[in-house]
Amino acid sequence: ATLLHAEQRKLLIPIFFASHRRIFSSLLPEVIMNTDKGVSHYAKLFAAGGTCASLSHAATVPIDVVKTKMQVTPGVYKGLGDGVKKIYASAGMKGLLQGFMPTMYGYASQGALKYGMYEFIKDSMNAKDPNYVPGSKPSISQMVFAGALAECLGSSTLVPFEAARIRMVSDPAFGTGTFNVLSKLIGQQGLGGMFIGLPPILAKQVPYTVTQFMVYESLSAAVYGELRNRNINNIGTAGGTGITLGCGVVAGVTASVISQPGDTVLTYVNKAPGTSVPGAIAKLGLRGLFNGGATRCIHVTSYVVVQFLIYDSIKRAVGIPVMGQAPAATKPEKKE
């Protein structure tokens, strides 16, 4: 297992730097030139994604602290309320906000890439499809591919900060701040070691993001489509917010359940460096993979809803249609 991890450490960093360079130096300019959407359009989406992800995760840090401690020390806390009560009694508000800054840093970069690249990749596929009908709903395969690739890119920037957050929550005495903890972790494990949690974080984040986007966009498109069928074209800000809220709750609950095993494995691997993913699964068992599941469901659903509320609000403010709100597609006339 140690040899496998060493090889992973050597390969992960150049692979992800290469993939990021290819995306941003070649593909992004190509797609922007082949669509009617300019640099400012994607800049707004990246900014909106980074804003909604960092703020939503920061707001739910206390819930995440309880969830992480329930996974690290099973049986100590009976649930969310008991966890908050005990942590506050022993460490005060500071204890409930452990890992706040790495959460902000990590999810600002991850959210920008996740939301921005999800929209960009869908546009990329549409720009290269001669049969694409403007305004049409993306296919399931498009949403799955775009969500998976966007999350892989986002997670590659998140994983070092997530490692620091988990260490700060599970071992508060380890360091005094985000970059102090990162420095110590790099000193112990090397720079490549910071990415050893990438496989389990992808096992958590990719199913989560694919489910989040697919469920949300499908539900949103269905709701807006039904409104159009009934000739209801102006629902106002309150109506749009209500649709975002309802679709966000369903997407959050579904994404939480799908990604729970990966989240538990991620916590275990960061708590016990050197443990392989298969080894963690074997030690946890099926039931152990869902430790803290109920608390995490509340946590995930909370920040998914907040993310979509912020993201959609920003998109409406800058004149970009929200997911599912595109007008009904009309087939272009055939050229003779």
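The values are calculated or read from the model by the stated rules, or taken from the named source; none is laboratory data. As the structure is a computational prediction, the values presented were derived from the model and not from experiment. Neighbour counts run over all protein chains shown; Cβ positions are idealised from the backbone, glycine included. The accessibility values were calculated without ligands, DNA or RNA, using every heavy atom of the protein model including side chains. Shrake-Rupley method; radii C 1.70, N 1.55, O 1.52, S 1.80 Å.
Remarks
- Residue match in the stretch 201-222 (condition: in a helix (DSSP H, G or I), over 30 Å from residue 95 (Cβ atoms) and over 22 Å from the mean Cα position of the chain (by Cα)): yes
- Hits in the stretch 257-276 - residues which are crowded, with 23+ Cβ neighbours inside 10 Å and at pLDDT 85 or above: 259
- Scanning the stretch 223-252 for residues that are in contact (Cβ under 8 Å) with a residue 24 or more places away in the chain, open to solvent by less than 60 Å² (accessible area, probe 1.4 Å) and either in contact with a Cys (Cβ under 7 Å, 6 or more places away or on another chain) or over 16 Å from residue 304 (Cβ atoms) (or both) turns up 223, 224, 225, 240.
- Residues located in the stretch 66-121, provided they are touching a Pro at 6+ places or on another chain (Cβ under 7 Å) and either closer than 16 Å to residue 267 by Cβ or not hydrophobic (A, V, I, L, M, F, W, C) (or both): 98
- For the stretch 69-83, the count of residues that are touching a Gly at 6+ places or on another chain (Cβ under 8 Å), part of a helix (DSSP H, G or I), at pLDDT below 90 and not aliphatic (A, V, I, L, M) is at least one.
- Qualifying residue in the stretch 277-284 (condition: part of a loop (DSSP other than H, G, I, E, B) and surrounded by 14 or more Cβ atoms within 10 Å (Cβ to Cβ)): no
- Residue count, the stretch 37-79 (criterion: hydroxyl-bearing (Ser, Thr, Tyr) and within 19 Å of residue 102 (Cα to Cα)): 5
- In the stretch 311-336, residue modelled with the lowest pLDDT [restricted to those that are open to solvent by less than 80 Å² (accessible area, probe 1.4 Å) and more than 30 Å from residue 57 (Cβ to Cβ)]: 328
- Flag if residue 54 is open to solvent by less than 40 Å² (accessible area, probe 1.4 Å), of a type in the set (S, T, N, Q), modelled with pLDDT of 85 or more and farther than 30 Å from residue 130 by Cα: yes
- Test: residue in the stretch 111-122 that is among the small types (Gly, Ala, Ser), within 19 Å of residue 205 (Cα to Cα) and free of Cβ contacts under 8 Å to residues at least 60 places away in the same chain: no
- Some residue of the stretch 144-166 being surrounded by 24 or more Cβ atoms within 10 Å (Cβ to Cβ) and basic (Lys, Arg): yes
- Options 197, 187, 177; residue that is open to solvent by less than 10 Å² (accessible area, probe 1.4 Å), over 18 Å from residue 257 (Cβ atoms) and modelled with pLDDT under 90: 197
- Within the stretch 84-108, being at pLDDT 90 or above, small (Gly, Ala, Ser) and surrounded by 18 or more Cβ atoms within 10 Å (Cβ to Cβ) holds for 106, 108.
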